[in-house]
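Read through the structure below, which is laid out as structure tokens, and then see the notes.
Bear in mind that the values in this text are calculations on the coordinates, not laboratory data. These numbers were taken from a predicted model, which means no experiment stands behind them. Note that each Cβ is placed from the backbone with ideal geometry, even for glycine, and that neighbours are counted across all protein chains shown.
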Amino acid sequence: MGAAVLLYRLLASLFATIILFRAARDGGRLAVCARLRVADPAPGPHVWLHGASNGELASTRPVLEALVTARPDLRWLITANTATGVAFARDWNLPRTSVRPAPLDLAATTRRTCRDWTVRAHVTLESELWPNRILLCPGPVIGLGTRLSEGSAGIWGRFPRLARRLLTRLDLVVPQDPGTARRLQALGLSQEALGPTVDLKAFYTAPPPAEAPAFDRARTWLAASTHEGEDAAVLDAHAALLTQDPGLRLILAPRHPVRADAIAALIDARGLTLARRSLGQDPEGAQVYLADTMGEMALWYASAGRVFIGGTLTDRGGHTPYEPAAFGAALLHGPDMRNFTTAAERLALAGASVTVPDGAALAEALRALTDPEAQARAGEAVQKALRPQADATTLCDLLADHLPRA
């Protein structure tokens with residue numbers, strides 16, 4: 001056994017202890033069991049598809065739906081690291097699929113999952129490159145929408161033998177961006193295993209309209225998935241805009257709704273009127289609508305003609321531009337878009353989004369997009385810039401060729 005493999009096993013055991021402790025604290029014995037054994041296996045051969053949470057799973061849904069249709073001989077085990085991710089995928093109700101909490105990446109747990117579920121292949125999404133799942137899968141392993149940052153590549157580079165061993169085990173990798181492709185090849189991925197560069201999030205399509213407050217879209221803007229340190233800048237920008245347009249509304253949707261009380265205090269400190277979604281309060285007349293719930297972002301994208309992407313004024317790397325783009329919204333963001341480098345480069349090249357360094361610049365940029373026609377033109381430019389370079393059907397055909405016949 002190599003030193004790198006031994007080190008990984010030691011670190012994985014420590015990580016597993018922490019995860020199991022949290023599971024026991026938050027969900028008791030059943031939650032612990034769910035991370036050690038994937039319960040109630042369905043009969044028949046399965047492809048094991050794993051994503052971290054909602055975002056990764058949502059991005060792959062169009063491809064998965066096409067694969068389920070194209071390969072009726074296969075069943076699918078879908079796993080996620082979070083309870084919200086599991087609930088999200090279960091709501092799809094796709095045929096021949098089972099959705100479960102992800103097991104820990106321990107050798108014994110992985111072998112048990114592959115045995116109990118008759119796993120014949122493994123598809124792992126984005127950054128979820130787990131050594132035991134890759135090395136112990138009895139069939140082909142596919143990385144879909146794979147993302148490897150420079151920092152992560154540097155860490156893998158300290159263990160070149162383990163990195164090469166993992167990457168030579170991958171039968172196909174569809175990288176999310178050219179930088180990921182270069183870093184993977186430098187670590188040992190073969191040219192033969194490298195597929196086309198596709199950001200799966202570009203496949204996102206706006207869902208059917210759901211019940212939402214009847215807002216004037218042109219006079220409503222959204223701060224989407226904000227983090228601590230950004231809300232004050234967003235609220236200051238909104239307060240400045242209200243001096244010229246008293247009827248303007250801000251929908252503030254924090255990335256973590258648990259921060260809602262603290263954000264409400266910031267709103268109150270600025271003398272702004274507030275309505276909270278989680279409390280069922282009527283937004284009519286409120287200057288700020290605090291969208292402190294989970295799973296409703298599509299409602300807010302549909303309600304706002306201008307969207308500020310959160311996580312970009314801090315060091316979080318930013319959140320998806322693809323979802324607001326699907327609704328034709330004009331996009332604004334801070335300077336930190338490293339989680340979506342390729343998308344940010346395409347937006348910048350087309351002049352299709354506005355980068356702002358602080359709340360004052362945000363207010364000025366929003367003021368320049370007051371006109372509904374200007375918002376519509378900006379939204380069209382965003383959609384054109386982020387149009388996917390390959391469609392889900394083409395990608396489905398490529399993946400289907402690499403999956404085994406049942």
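Points to keep in mind about this one:
- Only helices enter the 222 nm calculation for the chain: every DSSP H run of n ≥ 4 contributes -39,500 (n - 2.57), and dividing by all residues gives -13500 deg cm²/dmol, rounded to 500.
- Amide H contacts of L49 (H built 1.01 Å from N, under 5 Å, at least 5 apart or other chain): L77, I78, T79, V123
- Binning the alpha carbon pair distances of segment 80-124 at 5 angstrom intervals from zero yields the distribution 5, 19, 24, 26, 19, 6, 0, expressed in whole percent.
- Crossing angle, helix 260-269 versus the chain [Cα axis fit, 0-90 degrees, rounded to tens]: 20 degrees
- Amide hydrogen neighbours beyond the local backbone of T97, cut-off 5 Å, H modeled: W76
- Computed lengthening from D116 to T168, 0.36 nm per intervening residue step minus Cα-Cα distance: 16.1 nm
- Using θ = phi - 60° and Karplus 6.51 cos²θ - 1.76 cosθ + 1.60, couplings along segment 347-360 (whole Hz; Gly, Pro as x): 5, 5, 4, 8, x, 9, 9, 10, 9, 10, x, 7, x, 5
- Radius, Kirkwood style, for segment 125-284 when every pair of distinct Cα atoms is counted (Å): 19.6 Å
- Net lengthening on full extension, D91/A42 (0.36 nm per residue, minus Cα-Cα): 15.8 nm
- With the simple spin-label model, which puts each label point 7 Å out from Cα in the Cβ direction, the D216 to A400 separation comes to 5.0 nm.
- The long axis of helix 3-36 is offset from the longest Cα principal axis of the chain by roughly 60 degrees.
- The charge dipole of the chain, taken about the Cα centre with unit charges on the Cβ atoms of Lys, Arg (+1) and Asp, Glu (-1), comes to about 1940 debye, rounded to the nearest 20.
- Using alpha carbons only: equivalent-ellipsoid semi-axes of the chain, gyration tensor based, whole Å: 39, 23, 21
- The angle between the Cα long axis of helix 107-116 and the main principal axis of the chain comes to about 80°, on a 0 to 90 degree scale.
- Basic side chains Lys and Arg get +1 at the Cβ, acidic Asp and Glu get -1 at the Cβ, and with that the dipole of segment 28-107 about its Cα centre reaches some 200 debye.
- Using alpha carbons only: equivalent-ellipsoid semi-axes of segment 171-263, gyration tensor based, whole Å: 41, 18, 13
- Shown here are the Rg and Dmax of the Cα trace of segment 45-168, at 14.3, 43 Å.
- Taking the Kirkwood radius as Rh and the Cα radius of gyration as Rg, segment 258-352 has a ratio of Rg/Rh equal to 1.01.
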